[in-house]
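Let me begin by presenting the structure, written as C-alpha coordinates, before commenting on it.
The values are calculated or read from the model by the stated rules, or taken from the named source; none is laboratory data. Only a predicted model underlies this, so the values are computations on that prediction, with no experimental measurement involved. Glycine gets a Cβ as well: all are built from the backbone with ideal geometry, and neighbour counts include every protein chain shown. Areas reflect the complete protein model, heavy atoms only, side chains present, ligands, DNA and RNA absent. Shrake-Rupley method; radii C 1.70, N 1.55, O 1.52, S 1.80 Å.
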Amino acid sequence: MIPRSNGSLYTHTENSIATIEFGHHASNSFPSELLVRLTKAFDELSEDTSVSVIILKSEGDRAFCAGASFDELMAITNLEEGKQFFSGFANVINAMRKCKKPIIGRIQGKTVGGGVGLASACDYCLATEAASVKLSELTIGIGPFVIEPAVSRKIGLAAFETLAWDASQWKNAYWAKEQGLYARVFGTTSELDKEIQLFAEKLAGYNPQATQQMKKVNWKGTEHWQELLIERAAISGELVLSEFTKKALEKFKK
(Lines give C-alpha, C1' and ligand atoms only; values in the text may rest on other atoms or scores of the structure.)
Protein backbone atom coordinates (compact mmCIF):
# COMPACT_ATOMS: atom_id res chain seq x y z
CA MET A 1 0.00 0.00 0.00
CA ILE A 2 1.26 3.49 -0.82
CA PRO A 3 1.47 5.51 2.42
CA ARG A 4 -1.16 8.23 2.33
CA SER A 5 -2.12 10.43 5.26
CA ASN A 6 -5.85 9.88 4.69
CA GLY A 7 -5.60 6.15 4.02
CA SER A 8 -7.50 4.20 1.40
CA LEU A 9 -10.90 2.59 0.98
CA TYR A 10 -12.07 0.35 -1.85
CA THR A 11 -15.42 -1.31 -2.47
CA HIS A 12 -15.83 -4.29 -4.77
CA THR A 13 -19.02 -6.22 -5.53
CA GLU A 14 -19.22 -9.69 -7.05
CA ASN A 15 -22.10 -12.19 -6.99
CA SER A 16 -24.13 -10.00 -4.61
CA ILE A 17 -21.24 -9.87 -2.12
CA ALA A 18 -19.74 -6.42 -1.50
CA THR A 19 -16.31 -6.14 0.08
CA ILE A 20 -15.18 -2.94 1.78
CA GLU A 21 -11.42 -2.82 2.30
CA PHE A 22 -9.84 0.04 4.26
CA GLY A 23 -6.20 0.73 4.87
CA HIS A 24 -3.75 3.14 6.45
CA HIS A 25 0.02 2.93 6.76
CA ALA A 26 -0.22 3.42 10.55
CA SER A 27 -1.58 -0.07 11.37
CA ASN A 28 -4.88 0.61 9.59
CA SER A 29 -5.82 3.44 11.95
CA PHE A 30 -8.56 5.93 11.11
CA PRO A 31 -8.16 9.62 10.29
CA SER A 32 -11.46 11.48 10.01
CA GLU A 33 -11.63 11.48 6.23
CA LEU A 34 -11.43 7.69 6.17
CA LEU A 35 -14.22 7.45 8.75
CA VAL A 36 -16.40 9.67 6.54
CA ARG A 37 -15.69 7.49 3.51
CA LEU A 38 -16.48 4.29 5.44
CA THR A 39 -19.79 5.73 6.67
CA LYS A 40 -20.71 6.69 3.11
CA ALA A 41 -19.80 3.22 1.82
CA PHE A 42 -22.15 1.52 4.30
CA ASP A 43 -24.95 3.98 3.54
CA GLU A 44 -24.64 3.41 -0.21
CA LEU A 45 -24.39 -0.39 0.00
CA SER A 46 -27.41 -0.45 2.31
CA GLU A 47 -29.53 0.91 -0.57
CA ASP A 48 -27.82 -1.04 -3.37
CA THR A 49 -30.28 -3.72 -4.51
CA SER A 50 -27.50 -5.70 -6.21
CA VAL A 51 -25.83 -6.31 -2.83
CA SER A 52 -27.01 -8.95 -0.36
CA VAL A 53 -24.11 -9.12 2.10
CA ILE A 54 -21.09 -6.97 3.03
CA ILE A 55 -17.61 -8.09 4.09
CA LEU A 56 -15.55 -5.57 6.07
CA LYS A 57 -11.79 -6.09 5.95
CA SER A 58 -8.55 -4.16 6.24
CA GLU A 59 -5.41 -4.20 4.16
CA GLY A 60 -2.40 -6.34 4.88
CA ASP A 61 -1.86 -9.41 7.00
CA ARG A 62 -1.01 -7.77 10.32
CA ALA A 63 -3.18 -5.37 12.36
CA PHE A 64 -6.90 -5.23 11.59
CA CYS A 65 -7.28 -1.72 13.01
CA ALA A 66 -5.33 0.48 15.44
CA GLY A 67 -8.30 2.73 16.18
CA ALA A 68 -8.11 6.52 15.98
CA SER A 69 -5.31 8.34 14.18
CA PHE A 70 -2.83 9.60 16.79
CA ASP A 71 -1.74 12.39 14.46
CA GLU A 72 -5.28 13.77 14.33
CA LEU A 73 -5.81 13.30 18.06
CA MET A 74 -2.72 15.40 18.73
CA ALA A 75 -3.89 18.08 16.31
CA ILE A 76 -7.23 18.71 18.07
CA THR A 77 -7.26 22.19 19.60
CA ASN A 78 -10.85 22.83 20.74
CA LEU A 79 -14.05 21.12 21.88
CA GLU A 80 -15.78 21.28 18.51
CA GLU A 81 -12.84 19.67 16.71
CA GLY A 82 -12.71 16.95 19.36
CA LYS A 83 -16.42 16.21 19.16
CA GLN A 84 -16.29 16.19 15.36
CA PHE A 85 -13.40 13.73 15.25
CA PHE A 86 -14.97 11.22 17.64
CA SER A 87 -18.31 11.64 15.89
CA GLY A 88 -16.62 9.95 12.94
CA PHE A 89 -16.62 6.65 14.83
CA ALA A 90 -20.17 7.33 16.04
CA ASN A 91 -21.34 7.82 12.46
CA VAL A 92 -19.68 4.63 11.24
CA ILE A 93 -21.23 2.53 14.02
CA ASN A 94 -24.66 4.05 13.37
CA ALA A 95 -24.30 3.40 9.63
CA MET A 96 -23.44 -0.25 10.34
CA ARG A 97 -26.33 -0.52 12.79
CA LYS A 98 -28.84 0.88 10.28
CA CYS A 99 -27.39 -0.92 7.23
CA LYS A 100 -30.00 -3.20 5.67
CA LYS A 101 -27.40 -5.82 4.71
CA PRO A 102 -25.65 -8.25 7.08
CA ILE A 103 -22.03 -7.26 7.68
CA ILE A 104 -19.32 -9.89 8.12
CA GLY A 105 -16.14 -8.77 9.85
CA ARG A 106 -12.81 -10.26 8.69
CA ILE A 107 -10.47 -9.76 11.65
CA GLN A 108 -7.04 -10.98 10.57
CA GLY A 109 -4.92 -9.35 13.27
CA LYS A 110 -4.75 -7.23 16.39
CA THR A 111 -7.45 -4.62 16.89
CA VAL A 112 -7.44 -1.71 19.33
CA GLY A 113 -9.96 0.86 20.53
CA GLY A 114 -12.19 1.98 17.69
CA GLY A 115 -11.27 -1.18 15.80
CA VAL A 116 -12.93 -3.24 18.53
CA GLY A 117 -15.97 -0.99 18.07
CA LEU A 118 -16.06 -1.77 14.34
CA ALA A 119 -15.79 -5.51 14.98
CA SER A 120 -18.59 -5.27 17.55
CA ALA A 121 -20.84 -3.42 15.10
CA CYS A 122 -20.49 -6.23 12.55
CA ASP A 123 -23.31 -8.75 12.54
CA TYR A 124 -20.91 -11.71 12.40
CA CYS A 125 -17.13 -11.81 12.84
CA LEU A 126 -14.59 -14.42 11.84
CA ALA A 127 -10.98 -14.06 12.98
CA THR A 128 -7.53 -15.61 13.10
CA GLU A 129 -5.58 -16.60 16.20
CA ALA A 130 -3.62 -13.35 15.78
CA ALA A 131 -6.75 -11.22 16.31
CA SER A 132 -6.13 -10.11 19.90
CA VAL A 133 -8.14 -7.16 21.24
CA LYS A 134 -7.43 -4.24 23.55
CA LEU A 135 -9.25 -1.10 24.67
CA SER A 136 -6.28 1.17 25.43
CA GLU A 137 -8.15 4.48 25.73
CA LEU A 138 -7.62 4.99 29.49
CA THR A 139 -3.85 4.78 28.99
CA ILE A 140 -3.97 8.02 27.01
CA GLY A 141 -6.44 9.81 29.24
CA ILE A 142 -9.68 9.26 27.33
CA GLY A 143 -12.12 6.32 27.38
CA PRO A 144 -13.94 3.98 24.98
CA PHE A 145 -17.14 5.98 25.37
CA VAL A 146 -18.36 6.12 21.75
CA ILE A 147 -17.86 2.42 21.11
CA GLU A 148 -19.09 1.20 24.52
CA PRO A 149 -22.73 0.65 23.47
CA ALA A 150 -21.64 -1.48 20.50
CA VAL A 151 -19.06 -3.46 22.46
CA SER A 152 -21.32 -4.02 25.49
CA ARG A 153 -24.18 -5.09 23.23
CA LYS A 154 -21.93 -7.71 21.63
CA ILE A 155 -19.93 -9.11 24.57
CA GLY A 156 -21.81 -7.88 27.65
CA LEU A 157 -20.98 -5.23 30.21
CA ALA A 158 -18.71 -7.45 32.33
CA ALA A 159 -16.45 -8.33 29.41
CA PHE A 160 -16.44 -4.70 28.28
CA GLU A 161 -15.33 -3.64 31.76
CA THR A 162 -12.55 -6.24 31.69
CA LEU A 163 -11.21 -4.69 28.50
CA ALA A 164 -11.81 -1.06 29.43
CA TRP A 165 -10.31 -1.08 32.93
CA ASP A 166 -7.35 -3.34 32.09
CA ALA A 167 -6.43 -0.95 29.32
CA SER A 168 -2.81 -2.04 28.87
CA GLN A 169 -3.49 -5.74 28.41
CA TRP A 170 -4.28 -7.71 25.27
CA LYS A 171 -6.97 -10.38 25.30
CA ASN A 172 -6.40 -13.15 22.78
CA ALA A 173 -8.73 -14.21 19.99
CA TYR A 174 -10.07 -17.19 21.91
CA TRP A 175 -11.06 -14.95 24.81
CA ALA A 176 -12.87 -12.72 22.30
CA LYS A 177 -14.61 -15.79 20.87
CA GLU A 178 -15.71 -16.92 24.34
CA GLN A 179 -17.25 -13.49 24.94
CA GLY A 180 -19.13 -13.59 21.61
CA LEU A 181 -17.12 -11.03 19.62
CA TYR A 182 -15.92 -13.68 17.17
CA ALA A 183 -18.05 -16.56 15.93
CA ARG A 184 -15.07 -18.67 14.86
CA VAL A 185 -11.27 -18.44 15.04
CA PHE A 186 -8.89 -19.91 12.45
CA GLY A 187 -5.20 -20.78 12.46
CA THR A 188 -4.33 -19.02 9.23
CA THR A 189 -5.52 -16.11 7.10
CA SER A 190 -6.07 -18.43 4.14
CA GLU A 191 -8.43 -20.57 6.23
CA LEU A 192 -10.19 -17.42 7.38
CA ASP A 193 -10.68 -16.14 3.83
CA LYS A 194 -11.97 -19.49 2.61
CA GLU A 195 -14.58 -19.70 5.36
CA ILE A 196 -15.64 -16.07 4.95
CA GLN A 197 -16.25 -16.59 1.26
CA LEU A 198 -18.30 -19.73 1.89
CA PHE A 199 -20.31 -18.06 4.63
CA ALA A 200 -20.91 -14.92 2.55
CA GLU A 201 -22.15 -17.03 -0.34
CA LYS A 202 -24.62 -18.76 1.98
CA LEU A 203 -25.92 -15.43 3.30
CA ALA A 204 -26.17 -14.03 -0.22
CA GLY A 205 -28.45 -16.94 -1.12
CA TYR A 206 -30.96 -16.23 1.62
CA ASN A 207 -34.14 -14.20 1.18
CA PRO A 208 -33.00 -10.55 1.36
CA GLN A 209 -36.28 -9.57 3.00
CA ALA A 210 -35.60 -12.11 5.74
CA THR A 211 -32.03 -10.93 6.37
CA GLN A 212 -33.21 -7.32 6.50
CA GLN A 213 -35.87 -8.20 9.07
CA MET A 214 -33.26 -10.19 10.99
CA LYS A 215 -31.11 -7.08 11.30
CA LYS A 216 -34.08 -5.05 12.53
CA VAL A 217 -34.81 -7.62 15.22
CA ASN A 218 -31.17 -7.96 16.28
CA TRP A 219 -30.64 -4.20 16.58
CA LYS A 220 -33.98 -3.40 18.21
CA GLY A 221 -33.62 -0.97 21.08
CA THR A 222 -30.61 0.86 19.65
CA GLU A 223 -32.51 3.62 17.86
CA HIS A 224 -31.41 6.17 20.47
CA TRP A 225 -27.76 5.57 19.52
CA GLN A 226 -28.10 8.29 16.87
CA GLU A 227 -28.03 10.83 19.69
CA LEU A 228 -26.23 8.78 22.36
CA LEU A 229 -23.04 8.17 20.39
CA ILE A 230 -22.71 11.85 19.50
CA GLU A 231 -23.09 12.70 23.20
CA ARG A 232 -20.32 10.20 23.95
CA ALA A 233 -18.18 11.79 21.21
CA ALA A 234 -18.43 15.11 23.07
CA ILE A 235 -17.06 13.46 26.24
CA SER A 236 -14.03 12.10 24.39
CA GLY A 237 -13.65 15.38 22.53
CA GLU A 238 -13.30 17.23 25.81
CA LEU A 239 -10.93 14.75 27.42
CA VAL A 240 -8.55 14.71 24.45
CA LEU A 241 -7.81 18.37 25.22
CA SER A 242 -6.61 17.56 28.75
CA GLU A 243 -2.96 18.01 29.70
CA PHE A 244 -2.81 14.34 30.68
CA THR A 245 -3.85 13.21 27.21
CA LYS A 246 -1.56 15.63 25.38
CA LYS A 247 1.43 14.34 27.37
CA ALA A 248 0.39 10.72 26.93
CA LEU A 249 0.08 11.08 23.17
CA GLU A 250 3.51 12.69 23.00
CA LYS A 251 5.00 9.66 24.81
CA PHE A 252 3.31 7.27 22.38
CA LYS A 253 4.69 9.22 19.43
CA LYS A 254 8.20 8.87 20.86
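Taking into account only those residues within segment 60-76 that are more than 30 Å from Ser190 (Cα to Cα), open to solvent by 60 Å² or more (accessible area, probe 1.4 Å) and touching a residue at least 60 places away in the same chain (Cβ under 8 Å), which is farthest from the chain's Cα centre (by Cα)? Please lay out each step first, then the result.
At the first step, the residues of segment 60-76 found to be more than 30 Å from Ser190 (Cα to Cα) are 70-76.
Then drop every residue that is not open to solvent by 60 Å² or more (accessible area, probe 1.4 Å), which leaves 70-71, 75.
Of the ones still in play, those that are also touching a residue at least 60 places away in the same chain (Cβ under 8 Å) are 70-71.
Values: Phe70: 16, Asp71: 19 Å.
Among them, the one singled out is Asp71.
Among the residues in segment 155-167, are any more than 14 Å from the chain's Cα centre (by Cα), in a loop (DSSP other than H, G, I, E, B) and of a type in the set (Val, Ile, Thr)?
no
What's the total number of residues in segment 1-46 that are closer than 12 Å to Lys57 by Cβ and either modelled with pLDDT under 95 or not hydrophobic (A, V, I, L, M, F, W, C) (or both)?
Number satisfying all stated conditions: 7.
Can you pull out every residue in segment 138-178 that is among the acidic types (Asp, Glu) and either surrounded by 22 or more Cβ atoms within 10 Å (Cβ to Cβ) or in contact with a Phe, Trp or Tyr (Cβ under 9 Å, 6 or more places away or on another chain) (or both)? Break it down stepwise before answering.
Our first condition is that a residue be among the acidic types (Asp, Glu); within segment 138-178, this holds for 148, 161, 166, 178.
Correct list: Glu148 only.
So Tyr206 fits all but one of (1) open to solvent by 50 Å² or more (accessible area, probe 1.4 Å); (2) among the aromatic types (Phe, Trp, Tyr); (3) farther than 27 Å from Ser52 by Cα; what number is the exception?
Only one criterion in (1) open to solvent by 50 Å² or more (accessible area, probe 1.4 Å); (2) among the aromatic types (Phe, Trp, Tyr); (3) farther than 27 Å from Ser52 by Cα is unmet by Tyr206, namely (3).
Can you tell me how many residues in segment 102-123 are assigned to a strand (DSSP E or B), open to solvent by 10 Å² or more (accessible area, probe 1.4 Å) and farther than 18 Å from Ala159 by Cβ?
Residues that pass the stated criteria total 1.
Residues in segment 12-59 that are open to solvent by 20 Å² or more (accessible area, probe 1.4 Å), under 30 Å from Glu81 (Cβ atoms) and not in a strand (DSSP E or B): how many?
The qualifying residues number 12.
Limited to segment 78-101, what total is found for residues that are modelled with pLDDT under 95, among the small types (Gly, Ala, Ser) and either assigned to a loop (DSSP other than H, G, I, E, B) or open to solvent by 10 Å² or more (accessible area, probe 1.4 Å) (or both)?
So the answer is 0.
Of all residues in segment 168-220, which are assigned to a helix (DSSP H, G or I) and of a type in the set (Val, Ile, Thr)? Quick ask: steps written out before the conclusion?
Quick first cut of segment 168-220, residues assigned to a helix (DSSP H, G or I) only: 173-179, 189-204, 208-218.
Answer for segment 168-220, where residues must be assigned to a helix (DSSP H, G or I) and of a type in the set (Val, Ile, Thr): Thr189, Ile196, Thr211, Val217.
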